[in-house]
Amino acid sequence: MNRVSDLLPLPRPLVLAEDRLVILDQTALPLAERYLELYTPEEVFAAIQKLQVRGAPAIGIAAAYGLYLGLLPLAAGQQLVPATAVMDKAEYLASYLRSARPTAVNLAWALERVLTALREGLTAGLDARELIQVARRTATALLEEDNAICSAIGRQGLELIRRAAAERAVPRATSSQATGRPEADAADATGQEIGILTHCNAGGLATAGWGTALAVIYMAHAAGLPIHVYADETRPVLQGARLTAWELQRTGVPVTLICDNMAGALMAKGKVDLCIVGTDRVTANGDVANKIGTYTVAVLARHHGIPFYVAAPTSSIDMKLPRGEAIPIEERSPEEVTTIGGHRIAPVDVDVWNPAFDVTPAELVSALVTEHAILYPPYAEALKSLSNR
Ligand code: MRU
């Protein structure tokens, strides 16, 4: 099958090669394009925790392959183990891999897909070797599906960029009206370029395909719309600077890198027509967990009257959680804050708070772009009908 992401000049973030998972080490980018070979679930777990493979859809797929790799030794002996032993091991591995990172629901979702396929295989009377192949095929199906989902999100979201382009054609004074700031750049307000701000990396690197938020951007660029992307650097781990800026540069999409604290000034200057980000989990009421700093962008966008869109594959929607407060937020090591690129920038032993994600309340989200449709508020109803499809 022709993978849509093959059309993009980007390396694949993860590929299965028989007895190992080969991942692009995202911690080495943009300085080096380095690949890691992972043979065991423990290696996959560590790569997910260290952000060598990252982004909600990508960690789900990596974990599914990790589960498969953990089952492989059961097929290695002369004697075939009972099929129930494969199922027991799979249940154990799924709960182990699920614990690698808590916020992205895609991790649990992908592992559950593998477990469900194995349970069905067990009921159908498959033997141990056949079950292990079911795990491999399911993980690969997840990867291929993700590829298709990303392009569908891109196609859906293109409509929003076209809308922004149509509005851009009309002289714009939104930022000065919204903020009452006379210094809003009047010349720029009549420009035709569509300014898009994004946070973190919801691109090809974070998925198996075009990305989610960046799929929309790639589609708009391919359609010839005059977009210009502003990438927040995304402290502390700099996914925006290291990954999004790299991806967009490589794919020829005009991009300007900004520090996170510059987004407000950029909006006040009238440079941003819309914001689009990815997500790690959307709850039943439409609250959105995404990379720390996303909430700040959403608040700034509301203040300036700029639409704030979230690209959300259905694998990131968690209808079991009613509201965002219930989302477990990963807290990461203080060193991510006290150092940059291995260099200490803060006093030794200073107290640090380092949540990896925040929650943007549904009321700040202008639309959710799923692979099936663009959802508008009220999200509770829209998400319910989507999940009943
Ligand atoms: O900590 P990370 O780099 O895994 O965080 C990733 C994000 O916050 C992404 O925006 C999200 O996973 C969506 S990726 C399509």
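Since every read-out is calculated from the coordinates, none of them should be taken as a lab result. The shown structure was predicted, so the numbers you read here are calculated from the model rather than taken from an experiment. Using ideal geometry, Cβ is built from the backbone for each residue, glycine included, and neighbour counts are taken over all protein chains shown.
Please label the shape of segment 253-314 as rounded, prolate or oblate, based on the square roots a ≥ b ≥ c of the eigenvalues of the alpha-carbon gyration tensor (a/c under 1.5 means rounded; beyond that, a/b larger than b/c means prolate, else oblate). It would help to have the intermediate numbers written out before the result.
Numbers: a/c = 1.98, a/b = 1.68, b/c = 1.18.
Verdict is prolate for segment 253-314.
Given an 8 Å cut-off on Cα distances and at least 6 residues of separation, report the relative contact order of segment 5-86 as a percent.
24
Can you tell me how segment 288-334 classifies by the Cα gyration tensor, rounded, prolate or oblate, using a/c under 1.5 as the rounded cut? It would help to have the intermediate numbers written out before the result.
On the way: a/c = 2.11, a/b = 1.27, b/c = 1.65.
Here segment 288-334 falls in the oblate category.
Take the alpha carbon atoms of segment 27-175, find their radius of gyration, then divide it by 2.2 N^0.38 Å using N residues; give the quotient.
Dividing the Cα Rg of segment 27-175 by 2.2 N^0.38 Å gives 1.36.
With labels modelled as points extended 7 Å from the Cα through the Cβ direction, what inter-label distance (nm, one decimal) is found for LYS384 paired with ALA124?
Using points 7 Å along Cα→Cβ, the separation is 3.5 nm.
Arrange TYR218, TYR68 by Cβ neighbour counts within 10 Å, fewest through most, would you? Kindly include the intermediate steps, with their values, before the conclusion.
Values: TYR218 30, TYR68 26.
Placing the least packed residue first, the sequence is TYR68, TYR218.
Please determine, in degrees from 0 to 90 and to the nearest 10, the orientation of helix 128-168 with respect to the longest principal axis defined by the Cα atoms of the chain, where the helix direction is its Cα long axis.
10
For segment 1-78, what value does the Rg/Rh ratio take when both radii are computed over Cα atoms and Rh is the Kirkwood radius, given to two decimals?
1.01
Lysines within cross-link reach of LYS384: Cα-Cα under 19 Å, excluding same-chain residues under 8 positions apart?
LYS320
Between ARG163 and ILE345, what is 0.36 nm times their sequence separation minus the Cα-Cα distance? Round to one decimal in nm.
Working: separation 182, 0.36 × 182 = 65.52 nm, distance 4.31 nm.
Taking ARG163 through ILE345 to full extension adds about 61.2 nm, to one decimal.
Once you put a point 7 Å from the Cα of VAL352 and another 7 Å from the Cα of ARG155, both along the Cβ direction, what distance in nm separates them?
In this crude spin-label approximation the distance works out to 4.4 nm.
Segment 316-388: which trypsin sites (Lys or Arg not before Pro) are DSSP loop and have at most 11 other beta-carbon atoms within 10 angstrom?
Numbers: sites: LYS320, ARG323, ARG332, ARG344, LYS384; in loops: LYS320, ARG323, ARG332.
For trypsin sites (Lys or Arg not before Pro) across segment 316-388 that sit outside H, G, I, E and B with at most 11 neighbouring Cβ atoms in 10 Å, the list reads LYS320.
Please report how far the C-alpha centroid of segment 131-160 lies from that of segment 221-244, rounded to the nearest whole angstrom.
Each part reduced to its Cα centre gives a spacing of 23 Å.
For the chain, take the convex hull of the Cα atoms, compute a quarter of its surface area, and give me that in nm², please.
With every direction weighted equally, the projected area is 20.3 nm².
Order by neighbour count: ILE327, ILE153, fewest other Cβ atoms within 10 Å first, most last.
Working: ILE327 23, ILE153 30.
Ranked by crowding around the Cβ, least crowded first: ILE327, ILE153.
Would you grab the residues whose amide H sits under 5 Å from the one on ALA284? Only those 5+ places off in sequence or on another chain, please, with H modelled 1.01 Å from N.
When sequence neighbours closer than 5 places are left aside, the close amide H contacts are LEU321, ARG323.
When the chain is fully extended, how far beyond the present Cα-Cα distance does THR314 get from THR40, taking 0.36 nm per residue of separation?
95.8 nm
So for the chain: antiparallel DSSP bridges make up what percent, rounded to the nearest 5? Could the numbers behind the result be given before it?
On the way: 20 of 39 bridges.
Here the share of antiparallel DSSP bridges comes out near 50 percent.
To the nearest whole percent, what portion of all C-alpha pairs in segment 279-389 is separated by more than 24 angstrom? List each step's numbers first, then the result.
Working: 2079 of 6105 pairs.
The calculated P(r) of segment 279-389 puts 34 percent of pairs beyond 24 Å.
Between GLN192 and TYR92, what length comes free when the chain is fully extended (0.36 nm per residue of separation minus the Cα-Cα distance, one decimal in nm)?
Numbers: separation 100, 0.36 × 100 = 36.00 nm, distance 5.49 nm.
Difference between extended and current length: 30.5 nm.
What nm value, rounded to one decimal, do you get for the distance between ALA141 and TYR376 when each label is placed 7 Å out toward the C-beta?
Distance between the two pseudo-spin positions: 3.6 nm.
So if I take the centroid of the Cα atoms in segment 47-103 and the same for segment 332-361, what is the distance between those two points in Å?
30
Classify segment 239-283 as rounded, prolate or oblate, taking a ≥ b ≥ c as the square roots of the eigenvalues of its Cα gyration tensor: rounded when a/c is under 1.5, otherwise prolate if a/b is larger than b/c and oblate if not.
Oblate.
Give me HIS304, HIS343 sorted ascending by neighbouring Cβ count inside 10 Å, so fewest comes first.
Details: HIS304 24, HIS343 7.
Lowest count first: HIS343, HIS304.
About the Cα centre, and with charges only on the beta carbon of Lys, Arg (+1) and Asp, Glu (-1), how big is the dipole of the chain? Nearest 20 debye, please. The partial results should precede the final answer.
Values: 34 positive and 42 negative charges, 112 e Å.
My answer is approximately 540 debye.
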